[in-house]
Amino acid sequence: MLFRHLTFADLLPSGQSQVHRRSETSNSVTVMLFLQRQFWDPAPPQGEHRASTGQRRAENQKIQSAADVVSSSGNSVDPAPPQGEHRSEKSREPEIQSAADVVSSSGNSADPVPPPRPAGLGRAAPLLEPAPRASQQSRVNGAVPQRQAQIAEDPMNGEAEENDETREKLQMIRVKFLRLAHRLGQTPHNVVVAQVLYRLGLAEQLRGRNSGRVGAFSFDRASAMAEQLEAAGQEPLDFSCTIMVLGKTGVGKSATINSIFDEVKFSTDAFQLGTKKVQDVVGTVQGIQVRVIDTPGLLPSWSDQRQNEKILHSVKRFIKKTPPDIVLYLDRLDMQSRDFGDMPLLSTITEIFGPSIWFNAIVVLTHAACAPPDGPNGTASSYDMFVTQRSHVVQQAIRQAAGDMRLMNPVSLVENHSACRTNRAGQRVLPNGQVWKPHLLLLSFASKILAEANTLLKLQDSPPGKPFATRSRAPPLPFLLSSLLQSRPQLKLPEEQFGDEDTLDDDVDDASDSDDESDYDELPSFKRLTKAQLAKLTKTQKKAYFDELEYREKLFMKKQLKEEKRRRKLLKKMAASAKDLPSDFNENVEEENGSAASVPVPMPDLALPTSFDSDNPTHRYRYLDSNQWLVRPVLETHGWDHDVGYEGINVERLFVVKDKIPLSFSGQVTKDKKESNLQMELASSVKHGEGKATSFGFDMQSVGKDMAYTLRSETRFNNFRHNKTGAGLSVTLLGDALAAGVKLEDKLIVNKRFRLVMTGGAMTGRGDVAYGGSLEATLRDKDYPLGHTLSTLGLSIMDWRGDLAIGCNLQSQFPIGRSTNVIARANLNNRGAGQVTIRLNSSEQLQIALIGLIPLFRKLLGYSQEMQFRQ
Ligand SMILES: Nc1nc2c(ncn2[C@@H]2O[C@H](COP(=O)(O)OP(=O)(O)OP(=O)(O)O)[C@@H](O)[C@H]2O)c(=O)[nH]1
């Protein structure tokens, strides 16, 4: 049991995983200095991942974010990335998204709909410069002649030509979009325009890097060209857009179509079903060809869904040949629909067309000139607030129906009433000053433009002509690979678990340790002092006493370790020779073996704090050790707050099949306010020959919304005394994507203290491949396993889609004096992001805790300065 505990100690927080020898350790203080620029560890080196539950969780989160990044490839659903970390991940993916994203990330103050996503792409203006590299390039290549000259200098190979052709086509798409915006009276500074241009530039840049060349983002050139063409007015605009309207009956679908064309194309009716069948109309708006498909009105209640199904099937048939570029889902702004009151209707739409219908949909709220209702205390609520609330209800319902909580459909407002306020040009203006029609059309066109660019850059593999094709997600290969590359300890039988699998032959250890052992037996007798006696000692005497105590403790533990090792060796030898002995002797040995394994060794207790402070959860959560199942709470170590850090439960058990094969089961469920995670692992290992073993494992864990199921196998053999080699395979099913990988691992055990592990591998899925490798050097304490000094250097490298991520990780743990431990960690990656952490843990120097006051003082100082400034 003791060994089980130590083996799986990594699931406990570091402070608890060690057996606390120093019982006088009563007050302890941990100080962490945490310097961080930006944390993004592409592929943490081996051993890192399993260091603690928190890190496991972090890994899971990383996988999740990778899944998000990847899921958005060729998929217009954006996982609503938070600022910073996620953005940096996201920018790795050369993806262009639909208008849905473009708008949801816009932060236009004139827009009644506030930016629904916090990070997105932020403000408009700076986005016109997508990235330093690209903008520099654009200056160099800005003018056409210069660019041509550069092309002429380039070695003309096929790839370069293809790149130039693609770049030129992308440039024409950019020009086309600027012309559309121009016709709708929008400048490049309009948020939607800026976002589309930004995404085009970003995709081109990343695409260029992929093929070894940085793409040129020629915004100035495109803008000049668009202006020129529009001014001349002769060059026809090669663009048309098909828009389909869907929504409940009477919300204003036909009226909106009439407003778009500024003429009555369809009749509207205030009192009965207006549109009886699906029909389309083609017309031009500002010289742009627009086709709109009007659909019969849908009904909201459950009992009407049969009727809705019939209607939607007829719509599906209608759009089979010429699918729409964008869907407008209409609802009324002034209708206070109850939360999810429209769920039946939205679910039916999802059922018939698939969830992807929502990936290219804009929420349109009609009757937008209505006055906001009174607030709870009788005061009128603000228009913007009202719009936000209504938008949120519809967006949330769509999210629910689509089963994708990351979905963020843009919202556009419409007012069809003839009495609507107009500007001098006769365009309808909303109460917030927005001219709605160009806004709605621009959003719709942006989606089509981005789809065109996606097809050009082959970022999307949906078959052409298939309406709302379900776009499959690519598996997060780098993260699956980094999980495969982790070095996993081989599973052992309970009686074999003692000791480190990577130590050199026991004979070597024996030789080095023999002196110490004899030393302990030869030591003169020693009497421990009582507390009262200790108090009488002088400082130097105290030091000498503790030094002696420590020395003796060390020697004693060494001796114990040695004895245990020897006993195990003997048992092993006996078991080996037992085959030749009579059967009753065999039974005796087995009995002895069995009893040795089942001797109840009490689990080391957690070091309890002295106070019964209710904030310290150690007093409230203990773990069960009543039977073979090990049940423990999971502590979230990555928290600074004084809150309950326990967020889950961990269950483990080791089975022995046919007395020979170890089989371990471990499961963990963690749940916090927002998300829950499930991990389950089944592992086994079979020995076949001297120094050869094959491990098998199956694990499942939640990755975002999906479950990942992984089957893995690994074979290891000792080819030389100092060298162990292993090869592994893994297959992961994540959602509907399958990924398979291989790895090779070589472990060089230079001596008792120093070892080197090198791993390399590749992971493939959906025609994509990620390559990775890592190197980890470990230097242990000269008194290992008694001493805890440990230094590791890890290097990891990952190549995926031409994007190279290199990470370096350094960690050192060493004691200062008898009561203080320092753990220093630093990591850095080739994107310049890194983190430095210094953790100081002391059981005596309580005054170190005063360091924690520094941020407090800084804050207070900041306040006082602010106050002075105001006065
Ligand atoms: N005040 C106001 N009235 C509107 C607006 N949009 C539509 N209406 C009125 O609402 C009524 C229904 O409009 P329709 O366009 O027929 O609605 P629909 O969604 O096409 O209805 P079905 O064809 O039955 O599905 C008409 O009387 C319109 O004039 C709007 O934005 N503001």
Q) Among the listed residues 376, 372, which satisfies the condition of being within 16 Å of the ligand (Cβ to nearest atom) and at pLDDT below 85? A) 372
**Q.** Test set (1) more than 7 Å from the ligand (Cβ to nearest atom); (2) of a type outside the set (Lys, Arg); (3) over 18 Å from residue 416 (Cα atoms) - residue 257 fails condition number
**A.** (3)
Q. Of the residues in region 784-839, how many are free of Cβ contacts under 8 Å to residues at least 60 places away in the same chain and of a type in the set (Lys, Arg)?
A. 1
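A quick yes/no check of all residues on (1) surrounded by 16 or more Cβ atoms within 10 Å (Cβ to Cβ); (2) closer than 30 Å to residue 667 by Cβ; (3) among the basic types (Lys, Arg):
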position	(1), (2), (3)
701	yes, yes, no
721	no, no, yes
732	yes, yes, no
747	yes, yes, yes
761	yes, yes, no
771	yes, no, no
774	yes, yes, no
Q) Does residue 764 satisfy the criteria of being in the same structural domain as residue 797 (by the TED database), more than 30 Å from residue 783 (Cβ to Cβ) and of a type in the set (Ser, Thr, Tyr)? A) yes
Q: List every residue pair whose Cβ atoms lie under 6 Å apart, where the two residues are 6 or more positions apart in sequence or sit on different chains, the first residue falls within region 397-408 and is of a type in the set (Val, Ile, Thr), and the second residue, located anywhere, is modelled with pLDDT of 80 or more.
A: 398/358; 398/409
Q.
With the condition being at pLDDT below 90, I'd like the strands (runs of 3 or more DSSP E) fully within region 274-333 carrying at least 3 qualifying residues.
A. 279-285
Q. Looking at this structure, is residue 265 within 12 Å of the ligand (Cβ to nearest atom), in a loop (DSSP other than H, G, I, E, B) and either of a type in the set (A, V, I, L, M) or assigned by the TED database to the domain that holds residue 394 (or both)?
A. yes
Q.
Can you find a residue that is within 16 Å of the ligand (Cβ to nearest atom), under 40 Å from the mean Cα position of the chain (by Cα) and polar (S, T, N, Q) anywhere in region 307-323?
A. yes
Q. Taking region 403-422 as the region of interest, how many residues are away from the ligand (no atom under 16 Å from the Cβ) and at pLDDT 85 or above?
A. 3
Q: Would you check if there is a residue in region 270-292 being basic (Lys, Arg), in contact with a strand residue (DSSP E or B) (Cβ under 7 Å, 6 or more places away or on another chain) and away from the ligand (no atom under 16 Å from the Cβ)?
A: yes
Q | Total residues in region 418-455, condition part of a helix (DSSP H, G or I), of a type outside the set (D, E, K, R) and more than 13 Å from residue 241 (Cα to Cα) | A | 6
Q. When you go through 867, 798 one by one, which is the residue that is farther than 22 Å from residue 486 by Cβ and of a type in the set (A, V, I, L, M)?
A. 867
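The values are calculated or read from the model by the stated rules, or taken from the named source; none is laboratory data. Since this is a predicted model, take the numbers as computed values, not measurements. Backbone-built Cβ (ideal geometry, glycine too); neighbour counts: all protein chains shown.
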